[in-house]
Structure formats: structure tokens, C-alpha cells
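Encoded as C-alpha cells, the structure appears first; notes follow it.
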């Protein structure tokens, strides 16, 4: 084992342990075998902090094997997100061999690569990205996986393939119809439901038998906005909704019926309930 492989293995163990995942998991192995430096571009790297970006003091790739957010470069606020957050989310999605996955907001393909390793050759991954430079880089980075297709368009537009898991890595003000309609029975949708400012939450929606949807927030999170999945009025309502602790009481999603007194927030054709 060379020096960087040792860093990756230690990183993988720490990240998955911090996310509450038992040692020896397939996700740990996926982190350990994926060189993060391939996806974030050349040094110096810009590391995100609450006070802005800080430039890495060295070009040693070992710098990247920390639980930090790394800029993907360019003029926009696009990042390779926090590893522990994604580890927690991927574990909650319970991805299995052979699953069909839709990944919206794939960036340069780092977390898509982890997903590809989780589903294996019997699975399928459709990755969506709108930034042309990231589409080019993701296509190159994922070329080793023939069962992964990178789409250079928004994952908010129809059609999307039917899937077992739909993982969104850009902030939306609510669940899109196209996402919900793509879910197979027992399919899971996980996306950042975010206001116009401040933190929102990672909302996990599960399609149950009979067409009902369970829903719950896993944790608070903040993401760059998802093109085509933002509503200004809803964004303002979410700012109010996330100020208190009521978001943690959400238990179900309803579609195409009238909200009752248990409604936490309502959008066009859907509402979230605390029942």
C-alpha cells in the first residue's frame, strides 16, 4: 500500500464511522478505492469554510482526505460536497446491487462513482449535470463504468428513467413531479429541500405500496440551488419553516388532495404532513 492509498483507507474508515456506518461496509470500500484528486482538478485547491474559501498550502493530494468541502473551480459556487454528509445520505438510501439510480447534480462524478460501485455491474446509473465543463469531466471520470450514463441536461425535465433511488445534490424548494413519478414501488427520493437563504434539510421520501409516500427529514443541509426546481414564494415559506423545529415532525407526503391541519408546507399539487 502506498502513502496515498493509506490516506484513502484511513479517510474511508473515519468518514463512514462518523456517519454511523459499521466497519467493513461496501461504502467504506468505495471511498477507499476512489481517488478524490481525480475529481477536484489541479492544486492549489480551495477549501470551503464559513468565512469563505481557503487555499490549500500544498499540492499534496493527502490534503483532500479530510471531511471538507472542495471547490470544483470556475466562477460559480460549485463544490465537491462534505464526505460525511454524503456517506450518511447514501447509507440512508440503502442502495443494493442491481438497483437503478438517478443522480441529479452529479458535478464531476465523485459521488456518482461511489454510487456506481455500490450498484455494481448488474445495476444502472443515470447521472444528470447542467454545467458543460462538469459534464465533460464527469464523462471522462466515469468512463470505466459502462452501466453509467452521463446526461448533459437538467434532471428536473422529463423524461427520467424509472428507478429504485433518486439522489439529488442541488437544493430544491419542493419535490418535483418528475422525481416522484420516476420512483418504483419502495423507491427512495432524497433531496435537499432548501430556502432562499440559510440551511434547509435533506428530505427522504419513500414510495409505499398503494402509491402513498412516507417522508422525513434526515438532517439539516445547505446546497447550491437546483436549476428548474426553485419557487421564490416557497423559498420564503421554507425560511420560516426551518427557523423552528417543526420540520423534524414531517412524516408523509401527499399529492393532489386538500391539505389538512397537519400540513407543514404545501406546493403545487403536493403537501408535507406531520401525520
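Annotations for the structure displayed:
Residues are listed down the side, and each one gets a yes or a no for (1) touching a residue at least 60 places away in the same chain (Cβ under 8 Å); (2) surrounded by fewer than 15 Cβ atoms within 10 Å (Cβ to Cβ):
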| site | (1), (2) |
| --- | --- |
| 230 | no, no |
| 234 | yes, no |
| 239 | no, no |
| 252 | no, no |
| 258 | no, yes |
| 269 | yes, yes |
| 275 | no, yes |
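- Residue in region 97-111 that is farther than 30 Å from residue 268 by Cα, touching a helix residue (DSSP H, G or I) at 6+ places or on another chain (Cβ under 7 Å) and in a helix (DSSP H, G or I) present: yes
- The residue list 161, 195 contains one member that is under 19 Å from residue 268 (Cα atoms) and either surrounded by 14 or more Cβ atoms within 10 Å (Cβ to Cβ) or modelled with pLDDT of 95 or more (or both), which is 195.
- In region 75-84, the count of residues that are crowded, with 16+ Cβ neighbours inside 10 Å and either on the phi > 0 side of the Ramachandran plot or in a helix (DSSP H, G or I) (or both) is one or more.
- Among the residues of region 39-74, those identified as in contact with a helix residue (DSSP H, G or I) (Cβ under 6 Å, 6 or more places away or on another chain) and assigned to a helix (DSSP H, G or I) are 39, 61, 62, 64.
- Selected residue [closer than 20 Å to residue 101 by Cβ, in contact with a helix residue (DSSP H, G or I) (Cβ under 8 Å, 6 or more places away or on another chain) and surrounded by fewer than 20 Cβ atoms within 10 Å (Cβ to Cβ)] from 180, 218: 218
- The sole residue among 219, 272 that is touching a strand residue (DSSP E or B) at 6+ places or on another chain (Cβ under 9 Å) and under 26 Å from residue 129 (Cβ atoms) is 219.
- Identity of the residue in region 136-150, under 12 Å from residue 110 (Cα atoms) and either touching a residue at least 24 places away in the same chain (Cβ under 8 Å) or in contact with a strand residue (DSSP E or B) (Cβ under 6 Å, 6 or more places away or on another chain) (or both), that ends up surrounded by the most Cβ atoms within 10 Å (Cβ to Cβ): 138
The values are calculated or read from the model by the stated rules, or taken from the named source; none is laboratory data. Since we're looking at a predicted model, the values are computed, not measured. We place every Cβ from the backbone using ideal geometry, glycine too, and count neighbours over all the protein chains shown.
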